[in-house]
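Everything below concerns the one structure shown next.
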2 protein chains.
Amino acid sequence: MRTSCRFGMAVHVLAVLAYKDGDRVTSAGLAHSVNTNPVIVRRLLLALKRAKLVDTSKGAGAGSRLNCSPNHINLGAVYRAVEAAEPFATPSRRPNAACPVGHCIRQTLERIFASARAALELDLEKTTLGDVLRAVKASGACSRKNGQKNKRAV
Amino acid sequence: MRTSCRFGMAVHVLAVLAYKDGDRVTSAGLAHSVNTNPVIVRRLLLALKRAKLVDTSKGAGAGSRLNCSPNHINLGAVYRAVEAAEPFATPSRRPNAACPVGHCIRQTLERIFASARAALELDLEKTTLGDVLRAVKASGACSRKNGQKNKRAV
DNA sequence: CCATTGTGTAATAACAATTGTTACAAATAG
DNA sequence: CTATTTGTAACAATTGTTATTACACAATGG
(Lines give C-alpha, C1' and ligand atoms only; values in the text may rest on other atoms or scores of the structure.)
Protein backbone atom coordinates (compact mmCIF):
# COMPACT_ATOMS: atom_id res chain seq x y z
CA MET A 1 0.00 0.00 0.00
CA ARG A 2 1.42 3.26 -1.09
CA THR A 3 0.11 6.47 0.36
CA SER A 4 0.45 10.18 0.01
CA CYS A 5 1.84 11.94 3.03
CA ARG A 6 -1.00 14.43 3.17
CA PHE A 7 -2.59 12.99 6.26
CA GLY A 8 0.60 13.00 8.28
CA MET A 9 1.40 16.47 7.07
CA ALA A 10 -2.07 17.69 7.99
CA VAL A 11 -1.73 16.36 11.52
CA HIS A 12 1.65 18.07 11.77
CA VAL A 13 0.28 21.39 10.52
CA LEU A 14 -2.72 21.22 12.81
CA ALA A 15 -0.49 20.35 15.74
CA VAL A 16 1.56 23.48 15.11
CA LEU A 17 -1.61 25.56 14.96
CA ALA A 18 -2.81 23.95 18.18
CA TYR A 19 0.55 24.64 19.77
CA LYS A 20 0.30 28.28 18.72
CA ASP A 21 -3.01 28.41 20.49
CA GLY A 22 -5.03 30.82 18.36
CA ASP A 23 -2.20 32.87 16.92
CA ARG A 24 -2.23 32.97 13.15
CA VAL A 25 0.62 31.20 11.40
CA THR A 26 1.53 31.83 7.75
CA SER A 27 1.93 29.07 5.21
CA ALA A 28 5.62 29.92 5.15
CA GLY A 29 5.86 29.42 8.91
CA LEU A 30 4.08 26.09 8.74
CA ALA A 31 6.16 25.04 5.75
CA HIS A 32 9.26 25.77 7.76
CA SER A 33 8.22 23.36 10.49
CA VAL A 34 7.16 20.67 8.03
CA ASN A 35 10.23 21.37 5.90
CA THR A 36 8.41 21.76 2.65
CA ASN A 37 7.28 24.45 0.25
CA PRO A 38 4.63 26.97 1.34
CA VAL A 39 2.50 26.11 -1.69
CA ILE A 40 2.22 22.53 -0.54
CA VAL A 41 0.99 23.76 2.82
CA ARG A 42 -1.45 26.15 1.23
CA ARG A 43 -3.00 23.36 -0.79
CA LEU A 44 -3.38 21.34 2.37
CA LEU A 45 -4.88 24.30 4.20
CA LEU A 46 -7.47 24.66 1.47
CA ALA A 47 -8.71 21.16 2.23
CA LEU A 48 -8.67 21.83 5.95
CA LYS A 49 -10.52 25.07 5.41
CA ARG A 50 -13.17 23.34 3.32
CA ALA A 51 -13.68 20.97 6.24
CA LYS A 52 -13.91 23.97 8.56
CA LEU A 53 -11.00 22.78 10.65
CA VAL A 54 -8.98 25.94 10.15
CA ASP A 55 -9.67 29.57 9.56
CA THR A 56 -7.39 31.13 6.99
CA SER A 57 -7.23 34.82 6.23
CA LYS A 58 -5.47 36.78 3.53
CA GLY A 59 -3.31 39.84 3.53
CA ALA A 60 -0.71 41.38 5.77
CA GLY A 61 -0.59 39.87 9.25
CA ALA A 62 -2.77 37.02 8.03
CA GLY A 63 -2.35 33.26 8.20
CA SER A 64 -4.20 30.28 9.61
CA ARG A 65 -5.43 29.20 13.00
CA LEU A 66 -7.62 26.42 14.31
CA ASN A 67 -11.32 26.91 13.94
CA CYS A 68 -12.16 25.09 17.14
CA SER A 69 -10.63 23.54 20.21
CA PRO A 70 -8.04 20.81 19.57
CA ASN A 71 -10.14 18.50 21.71
CA HIS A 72 -12.99 18.84 19.28
CA ILE A 73 -10.97 17.86 16.22
CA ASN A 74 -10.56 14.13 15.75
CA LEU A 75 -8.16 12.58 13.30
CA GLY A 76 -10.93 10.84 11.39
CA ALA A 77 -12.19 14.26 10.36
CA VAL A 78 -8.68 15.25 9.38
CA TYR A 79 -8.31 12.10 7.32
CA ARG A 80 -11.56 12.74 5.50
CA ALA A 81 -10.63 16.35 4.94
CA VAL A 82 -7.36 15.65 3.19
CA GLU A 83 -7.63 12.17 1.70
CA ALA A 84 -10.03 12.06 -1.17
CA ALA A 85 -9.32 8.62 -2.56
CA GLU A 86 -10.05 5.14 -1.26
CA PRO A 87 -7.09 3.75 0.67
CA PHE A 88 -7.07 0.73 -1.65
CA ALA A 89 -6.64 0.94 -5.37
CA THR A 90 -8.08 -1.36 -7.98
CA PRO A 91 -5.89 -2.18 -10.97
CA SER A 92 -6.30 0.37 -13.75
CA ARG A 93 -7.08 -2.31 -16.30
CA ARG A 94 -10.46 -3.89 -15.93
CA PRO A 95 -10.63 -7.56 -15.10
CA ASN A 96 -11.62 -9.94 -17.85
CA ALA A 97 -15.41 -9.89 -17.91
CA ALA A 98 -15.42 -13.25 -19.66
CA CYS A 99 -14.13 -14.87 -16.49
CA PRO A 100 -16.70 -15.76 -13.82
CA VAL A 101 -14.46 -14.26 -11.19
CA GLY A 102 -13.20 -11.27 -13.17
CA HIS A 103 -16.75 -10.51 -14.08
CA CYS A 104 -17.84 -9.63 -10.57
CA ILE A 105 -14.80 -9.37 -8.35
CA ARG A 106 -14.81 -5.59 -8.36
CA GLN A 107 -18.10 -5.28 -6.52
CA THR A 108 -16.88 -7.66 -3.89
CA LEU A 109 -13.59 -5.83 -3.54
CA GLU A 110 -15.41 -2.56 -3.18
CA ARG A 111 -17.41 -3.83 -0.25
CA ILE A 112 -14.22 -5.09 1.37
CA PHE A 113 -12.45 -1.78 0.77
CA ALA A 114 -15.33 0.28 2.12
CA SER A 115 -15.48 -1.79 5.27
CA ALA A 116 -11.75 -1.52 5.83
CA ARG A 117 -11.83 2.19 5.25
CA ALA A 118 -14.64 2.59 7.77
CA ALA A 119 -12.64 0.62 10.33
CA LEU A 120 -9.64 2.82 9.67
CA GLU A 121 -11.61 6.01 10.14
CA LEU A 122 -13.26 4.71 13.27
CA ASP A 123 -9.87 4.11 14.78
CA LEU A 124 -8.62 7.55 13.78
CA GLU A 125 -11.69 9.12 15.33
CA LYS A 126 -10.56 7.89 18.72
CA THR A 127 -7.64 10.31 18.74
CA THR A 128 -8.07 14.07 18.91
CA LEU A 129 -5.74 16.86 18.04
CA GLY A 130 -5.76 17.57 21.76
CA ASP A 131 -4.20 14.16 22.35
CA VAL A 132 -1.56 14.95 19.75
CA LEU A 133 -0.84 18.32 21.33
CA ARG A 134 -0.42 16.75 24.76
CA ALA A 135 1.96 14.17 23.32
CA VAL A 136 3.98 16.94 21.73
CA LYS A 137 4.11 18.98 24.91
CA ALA A 138 5.02 15.94 26.99
CA SER A 139 7.87 15.19 24.60
CA GLY A 140 9.08 18.77 24.82
CA ALA A 141 8.93 18.70 28.62
CA CYS A 142 10.89 15.47 28.57
CA SER A 143 13.59 16.89 26.31
CA ARG A 144 14.04 19.83 28.60
CA LYS A 145 14.20 17.60 31.63
CA ASN A 146 16.89 15.58 29.91
CA GLY A 147 18.95 18.71 29.61
CA GLN A 148 18.53 19.17 25.87
CA LYS A 149 18.53 22.70 24.68
CA ASN A 150 15.02 24.08 24.54
CA LYS A 151 14.29 24.45 20.85
CA ARG A 152 12.77 27.73 19.75
CA ALA A 153 12.21 28.17 16.04
CA VAL A 154 9.00 27.59 14.04
CA MET B 1 -3.88 8.33 -0.14
CA ARG B 2 -2.21 6.53 -2.93
CA THR B 3 -2.12 2.76 -2.90
CA SER B 4 -0.77 -0.06 -4.94
CA CYS B 5 -3.36 -2.42 -6.32
CA ARG B 6 -1.53 -5.49 -5.07
CA PHE B 7 -4.02 -6.30 -2.38
CA GLY B 8 -7.02 -6.18 -4.68
CA MET B 9 -5.14 -8.18 -7.27
CA ALA B 10 -4.16 -10.76 -4.70
CA VAL B 11 -7.75 -11.23 -3.62
CA HIS B 12 -8.73 -11.59 -7.26
CA VAL B 13 -6.05 -14.17 -7.95
CA LEU B 14 -6.87 -16.14 -4.84
CA ALA B 15 -10.56 -16.03 -5.70
CA VAL B 16 -9.79 -17.58 -9.08
CA LEU B 17 -7.74 -20.30 -7.41
CA ALA B 18 -10.55 -20.91 -4.93
CA TYR B 19 -13.00 -21.07 -7.79
CA LYS B 20 -10.81 -23.61 -9.54
CA ASP B 21 -10.96 -25.67 -6.40
CA GLY B 22 -7.55 -27.33 -6.29
CA ASP B 23 -6.76 -27.36 -9.99
CA ARG B 24 -3.49 -25.69 -10.82
CA VAL B 25 -3.69 -22.46 -12.77
CA THR B 26 -0.74 -20.95 -14.62
CA SER B 27 0.36 -17.36 -14.16
CA ALA B 28 -0.77 -16.78 -17.74
CA GLY B 29 -4.25 -18.05 -16.92
CA LEU B 30 -4.48 -15.85 -13.83
CA ALA B 31 -3.09 -12.89 -15.73
CA HIS B 32 -5.80 -13.36 -18.30
CA SER B 33 -8.50 -13.04 -15.68
CA VAL B 34 -6.85 -10.05 -13.99
CA ASN B 35 -6.02 -8.58 -17.40
CA THR B 36 -2.38 -8.00 -16.74
CA ASN B 37 1.00 -9.43 -17.56
CA PRO B 38 1.95 -12.91 -16.27
CA VAL B 39 5.10 -11.52 -14.68
CA ILE B 40 3.04 -9.24 -12.49
CA VAL B 41 1.05 -12.24 -11.31
CA ARG B 42 4.17 -14.27 -10.72
CA ARG B 43 5.59 -11.54 -8.53
CA LEU B 44 2.39 -11.53 -6.54
CA LEU B 45 2.38 -15.32 -6.27
CA LEU B 46 5.87 -15.21 -4.82
CA ALA B 47 4.55 -13.15 -1.91
CA LEU B 48 1.55 -15.43 -1.49
CA LYS B 49 3.82 -18.46 -1.58
CA ARG B 50 6.09 -16.95 1.07
CA ALA B 51 3.01 -16.57 3.25
CA LYS B 52 2.11 -20.18 2.50
CA LEU B 53 -1.22 -19.20 1.04
CA VAL B 54 -0.57 -20.86 -2.31
CA ASP B 55 1.40 -23.80 -3.58
CA THR B 56 3.22 -23.05 -6.83
CA SER B 57 5.07 -25.63 -8.89
CA LYS B 58 7.33 -25.28 -11.89
CA GLY B 59 7.51 -27.00 -15.22
CA ALA B 60 5.12 -28.47 -17.69
CA GLY B 61 1.57 -28.81 -16.39
CA ALA B 62 2.49 -26.71 -13.40
CA GLY B 63 0.91 -23.61 -11.90
CA SER B 64 -0.55 -22.50 -8.60
CA ARG B 65 -3.34 -23.64 -6.31
CA LEU B 66 -4.50 -22.74 -2.84
CA ASN B 67 -2.55 -24.23 0.02
CA CYS B 68 -5.58 -24.54 2.28
CA SER B 69 -9.33 -24.18 2.37
CA PRO B 70 -10.70 -20.77 1.34
CA ASN B 71 -12.47 -20.62 4.68
CA HIS B 72 -9.13 -20.73 6.43
CA ILE B 73 -7.64 -17.81 4.54
CA ASN B 74 -8.61 -14.41 5.87
CA LEU B 75 -7.97 -11.19 4.06
CA GLY B 76 -5.82 -9.81 6.86
CA ALA B 77 -3.31 -12.54 6.08
CA VAL B 78 -3.53 -11.69 2.40
CA TYR B 79 -2.95 -8.04 3.17
CA ARG B 80 0.10 -8.79 5.26
CA ALA B 81 1.42 -11.15 2.61
CA VAL B 82 1.38 -8.64 -0.21
CA GLU B 83 1.61 -5.19 1.37
CA ALA B 84 4.98 -4.52 2.85
CA ALA B 85 4.70 -0.82 3.62
CA GLU B 86 2.73 1.13 6.18
CA PRO B 87 -0.57 2.33 4.78
CA PHE B 88 0.39 5.89 5.70
CA ALA B 89 3.48 7.65 4.45
CA THR B 90 5.50 10.28 6.23
CA PRO B 91 6.89 13.11 4.12
CA SER B 92 10.29 12.26 2.68
CA ARG B 93 11.86 15.41 4.07
CA ARG B 94 12.33 15.38 7.79
CA PRO B 95 10.42 17.91 9.86
CA ASN B 96 12.36 20.84 11.25
CA ALA B 97 13.93 19.58 14.47
CA ALA B 98 14.26 23.15 15.69
CA CYS B 99 10.48 23.39 16.02
CA PRO B 100 8.93 21.99 19.18
CA VAL B 101 6.31 20.24 17.11
CA GLY B 102 8.53 19.16 14.22
CA HIS B 103 10.99 17.84 16.72
CA CYS B 104 8.73 15.06 17.96
CA ILE B 105 5.72 14.77 15.68
CA ARG B 106 7.02 11.70 13.91
CA GLN B 107 6.87 9.50 16.99
CA THR B 108 3.32 10.57 17.59
CA LEU B 109 2.36 9.98 13.99
CA GLU B 110 3.88 6.56 14.09
CA ARG B 111 1.74 5.52 17.01
CA ILE B 112 -1.33 6.82 15.20
CA PHE B 113 -0.40 5.01 12.00
CA ALA B 114 0.29 1.74 13.77
CA SER B 115 -3.04 1.85 15.53
CA ALA B 116 -4.91 2.61 12.31
CA ARG B 117 -3.11 -0.16 10.50
CA ALA B 118 -4.02 -2.62 13.23
CA ALA B 119 -7.66 -1.58 13.00
CA LEU B 120 -7.54 -2.04 9.24
CA GLU B 121 -6.09 -5.51 9.49
CA LEU B 122 -8.55 -6.50 12.17
CA ASP B 123 -11.39 -5.58 9.87
CA LEU B 124 -9.87 -7.48 6.95
CA GLU B 125 -9.47 -10.52 9.15
CA LYS B 126 -13.22 -10.74 9.49
CA THR B 127 -13.59 -11.71 5.84
CA THR B 128 -12.33 -15.00 4.45
CA LEU B 129 -11.60 -16.08 0.93
CA GLY B 130 -14.56 -18.41 1.38
CA ASP B 131 -16.79 -15.37 1.81
CA VAL B 132 -15.34 -13.90 -1.36
CA LEU B 133 -15.88 -17.13 -3.25
CA ARG B 134 -19.49 -17.32 -2.14
CA ALA B 135 -20.06 -13.74 -3.25
CA VAL B 136 -18.58 -14.55 -6.63
CA LYS B 137 -20.68 -17.65 -7.04
CA ALA B 138 -23.83 -15.85 -5.94
CA SER B 139 -23.15 -13.15 -8.50
CA GLY B 140 -22.63 -15.75 -11.21
CA ALA B 141 -25.86 -17.52 -10.28
CA CYS B 142 -27.65 -14.20 -10.45
CA SER B 143 -26.27 -13.39 -13.92
CA ARG B 144 -27.46 -16.73 -15.22
CA LYS B 145 -30.86 -16.27 -13.67
CA ASN B 146 -31.12 -12.90 -15.38
CA GLY B 147 -30.69 -14.65 -18.70
CA GLN B 148 -27.15 -13.44 -19.38
CA LYS B 149 -24.98 -15.82 -21.29
CA ASN B 150 -23.00 -17.98 -18.92
CA LYS B 151 -19.45 -16.74 -19.27
CA ARG B 152 -16.85 -19.43 -19.78
CA ALA B 153 -13.29 -18.25 -20.15
CA VAL B 154 -10.58 -18.82 -17.57
C1' DC C 1 -4.07 55.66 -1.06
C1' DC C 2 -0.33 52.80 -1.51
C1' DA C 3 3.24 49.60 -0.16
C1' DT C 4 3.54 45.29 1.98
C1' DT C 5 2.15 40.88 3.19
C1' DG C 6 0.19 36.69 2.24
C1' DT C 7 -3.20 33.58 -0.01
C1' DG C 8 -5.02 31.13 -4.22
C1' DT C 9 -3.81 29.08 -8.34
C1' DA C 10 -1.67 27.64 -12.57
C1' DA C 11 2.09 25.69 -15.01
C1' DT C 12 5.60 22.90 -15.00
C1' DA C 13 9.68 20.43 -13.42
C1' DA C 14 11.65 16.85 -10.58
C1' DC C 15 11.06 12.69 -8.41
C1' DA C 16 9.26 8.21 -6.81
C1' DA C 17 6.77 4.10 -7.22
C1' DT C 18 4.20 0.97 -9.69
C1' DT C 19 3.03 -1.56 -13.65
C1' DG C 20 4.13 -3.57 -17.99
C1' DT C 21 7.31 -5.86 -21.24
C1' DT C 22 10.90 -8.64 -22.98
C1' DA C 23 14.22 -12.02 -22.40
C1' DC C 24 16.24 -15.96 -20.60
C1' DA C 25 17.96 -19.53 -17.16
C1' DA C 26 16.35 -23.30 -14.39
C1' DA C 27 13.07 -26.78 -13.14
C1' DT C 28 9.81 -30.35 -14.20
C1' DA C 29 6.73 -33.57 -16.63
C1' DG C 30 6.04 -36.68 -20.06
C1' DC D 1 14.92 -34.63 -25.12
C1' DT D 2 11.30 -31.33 -25.67
C1' DA D 3 7.71 -28.54 -24.26
C1' DT D 4 6.02 -26.00 -20.57
C1' DT D 5 6.16 -22.90 -16.88
C1' DT D 6 8.23 -20.47 -13.05
C1' DG D 7 11.78 -17.10 -11.16
C1' DT D 8 14.23 -13.19 -12.09
C1' DA D 9 16.64 -9.34 -14.11
C1' DA D 10 16.67 -5.28 -16.84
C1' DC D 11 14.39 -1.75 -18.50
C1' DA D 12 10.52 1.09 -20.53
C1' DA D 13 6.10 3.21 -19.83
C1' DT D 14 2.91 5.11 -16.92
C1' DT D 15 1.09 7.36 -13.08
C1' DG D 16 0.94 10.14 -9.10
C1' DT D 17 3.03 13.11 -5.82
C1' DT D 18 5.90 16.75 -4.33
C1' DA D 19 8.56 20.89 -5.30
C1' DT D 20 9.28 25.26 -7.51
C1' DT D 21 8.33 29.48 -9.78
C1' DA D 22 5.42 33.06 -10.98
C1' DC D 23 1.77 36.09 -10.53
C1' DA D 24 -3.05 37.93 -9.73
C1' DC D 25 -5.87 39.23 -6.04
C1' DA D 26 -7.22 40.38 -1.27
C1' DA D 27 -6.46 42.57 3.04
C1' DT D 28 -3.86 45.16 6.28
C1' DG D 29 -1.52 48.99 8.25
C1' DG D 30 0.31 53.11 7.96
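Segment B:14-33 to segment A:69-111: how many Å between their Cα centroids?
24
Take every residue in peptide A:82-92, count the Cβ atoms of other chains within 10 Å of its Cβ, and give the average of those counts. Kindly include the intermediate steps, with their values, before the conclusion.
Details: counts 1, 3, 1, 3, 2, 8, 12, 9, 6, 10, 3.
Per residue, the average neighbour count from other chains is 5.
In debye to the nearest 20, how big a dipole does the protein assembly as shown give about its Cα centre with +1 on each Lys and Arg Cβ and -1 on each Asp and Glu Cβ?
660
Roughly how big is chain B's charge dipole about its Cα centre, with Cβ charges of +1 (Lys, Arg) and -1 (Asp, Glu), in debye to the nearest 20?
Working: 25 positive and 10 negative charges, 101 e Å.
Here the size comes out at about 480 debye.
Would you work out if the protein assembly as shown is rounded, prolate or oblate? Take a ≥ b ≥ c from the square roots of the eigenvalues of the alpha-carbon gyration tensor; rounded if a/c is under 1.5, else prolate when a/b is larger than b/c, oblate otherwise.
Verdict is prolate for the protein assembly as shown.
Given a 1.4 angstrom probe, I'd like the percentage of the accessible area of segment B:6-145 that is carbon and sulfur, rounded to a whole number.
On segment B:6-145, the fraction of accessible area on carbon and sulfur atoms equals 51 percent.
What does the charge add up to near A:PRO91, with Lys and Arg as +1, Asp and Glu as -1, over the other residues with Cβ less than 11 Å from its Cβ?
On the way: positive: A:ARG93, A:ARG94, A:ARG106, B:ARG6; negative: none.
Its environment carries a net charge of +4.
Can you give the local net charge around B:THR26? Use residues other than it whose beta-carbon is closer than 14 angstrom to its beta-carbon, Lys and Arg +1, Asp and Glu -1.
So the surrounding residues net to +3.
Using only Cα atoms and rounding to the nearest 10 degrees, what angle (0 to 90) does helix B:6-19 make with the longest principal axis of chain B?
For B:6-19 against chain B, the angle is about 20 degrees.
Out of A:VAL78, A:PHE113, A:MET9, whose Cα points farthest toward the positive end of the dipole of chain A (charges: +1 Lys, Arg; -1 Asp, Glu; placed on Cβ)?
Most positive-ward Cα: A:MET9.
Mind checking A:9-19 for the average number of partner chain beta-carbons within 10 Å of each residue's beta-carbon?
4
Rg(Cα) of segment B:6-145 divided by 2.2 N^0.38 Å?
In units of the globular-protein estimate, segment B:6-145 measures up at 1.33.
Within 10 Å of each Cβ of A:131-138, how many other protein chain Cβ atoms are there on average?
Across the residues of A:131-138, the mean count of other-chain Cβ atoms within 10 Å is 4.
What are the nm distances, shortest first, from B:ALA62 to its equivalents in the other copies, labels at 7 Å along Cα→Cβ?
Computed spacing set for this position: 6.5 nm.
Add +1 for every Lys or Arg and -1 for every Asp or Glu among the other residues with Cβ under 12 Å from the Cβ of A:ARG43, and state the total.
Residues close to A:ARG43 contribute a combined charge of +4.
For chain A, modelled as a Gaussian network with Cα springs under 10 Å, which listed residue fluctuates most, A:VAL13, A:VAL34, A:VAL78?
Comparing A:VAL13, A:VAL34, A:VAL78 in the GNM, the peak value goes to A:VAL34.
The values are calculated or read from the model by the stated rules, or taken from the named source; none is laboratory data. None of these values were measured; they are calculated from a predicted model. Ideal geometry is used to build each Cβ from the backbone, glycine not excepted, and the neighbour counts take in all protein chains shown. All accessible areas refer to the heavy atoms of the entire protein, side chains included, with ligands and DNA or RNA removed. Shrake-Rupley method; radii C 1.70, N 1.55, O 1.52, S 1.80 Å.
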